[in-house]
Amino acid sequence: MNHYSQGGNNSPKWYAIYTRSRHEFKINHKLTDKQLETFLPVVKSLRRWKDRKKYIERPLFSGYLFLHCQMDDYKYLEILKTNGVVRVLGTNRRELSPIPDEEIESVRILTENNPFINYHPYVKEGEKVEIVNGPLTGAQGILARRELYKSTVVVSVHLLGRSISVEVDSCDIEAC
């Protein structure tokens, strides 16, 4: 009995695979070796060292890749036995969460036609953030305003009742 199909439709569906940190490329290769259809969206990003800058390819969604298949018990176990796979996303192993084809296709179109996509961490105004790049690395504050390329981060000293703000590149902040 197939517990994985949704609504009686046995067509292949897209699933998100959660991976160990920095194992996306290895797992993608291992799953394709098992004759499974995968999609690992990558983007080029500028990596800075003290002495140089270089564009590198990195996964668009760190820690995730996508798998397209008709899920059954055998495939589910084959996926989980792949070294580096943590889990297939869903509420539990019998109720996996397929991703709509349109969402995968939109990501595919964007990544194939624009390798320099601007990465936007998923944070909202009012959330605590940390600056993760540049001379302000390590500073923490509250995201006051977010625009396409610039964000305003507010750092407060509550005891003094004072705050300061700074504008940083939106891609240089992450949620705490």
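Look at the range 23-50 and say how many of its residues are assigned to a loop (DSSP other than H, G, I, E, B) and over 19 Å from Val132 (Cα atoms). Before you say what the answer is, go through the steps one by one.
First, pick out the residues of the range 23-50 that are assigned to a loop (DSSP other than H, G, I, E, B): 23, 34-36, 40-41, 49-50.
This time we only want the ones that are over 19 Å from Val132 (Cα atoms), so: 23, 34-36, 40-41.
Number satisfying all stated conditions: 6.
For Leu96, state whether it is in contact with a Lys or Arg (Cβ under 9 Å, 6 or more places away or on another chain), of a type in the set (A, V, I, L, M, F, W, C), farther than 15 Å from Leu31 by Cα and in contact (Cβ under 8 Å) with a residue 60 or more places away in the chain. When the stated conditions are applied, Leu96 passes them. Return a yes/no flag: does the range 99-121 have any residue that is assigned to a strand (DSSP E or B), over 18 Å from the mean Cα position of the chain (by Cα), modelled with pLDDT of 90 or more and outside the structural domain of Val166 (by TED's automatic domain parsing). Looking through the range 99-121, none of the residues is assigned to a strand (DSSP E or B), over 18 Å from the mean Cα position of the chain (by Cα), modelled with pLDDT of 90 or more and outside the structural domain of Val166 (by TED's automatic domain parsing). When each of Thr91, Thr82 is tested for being farther than 30 Å from Pro135 by Cβ, modelled with pLDDT under 95 and not in a helix (DSSP H, G or I), the lone residue that passes is Thr91. Among the residues making up the range 137-156, those that are of a type in the set (A, V, I, L, M, F, W, C) and over 23 Å from Arg48 (Cα atoms) are Ile142, Leu143, Ala144, Val154, Val155.
What number of residues in the range 34-70 are closer than 23 Å to Asp101 by Cα and not polar (S, T, N, Q)?
Of the residues in the range 34-70, the ones closer than 23 Å to Asp101 by Cα are 34-43, 58-70.
Still in the list and also not polar (S, T, N, Q): 34, 36-37, 39-43, 58-61, 63-69.
Residues that pass the stated criteria total 19.
The values are calculated or read from the model by the stated rules, or taken from the named source; none is laboratory data. All values derive from a computational prediction rather than experimental measurement. Neighbour counts are summed over all protein chains in view; Cβ atoms, including those assigned to glycine, are modelled from backbone coordinates with ideal geometry.
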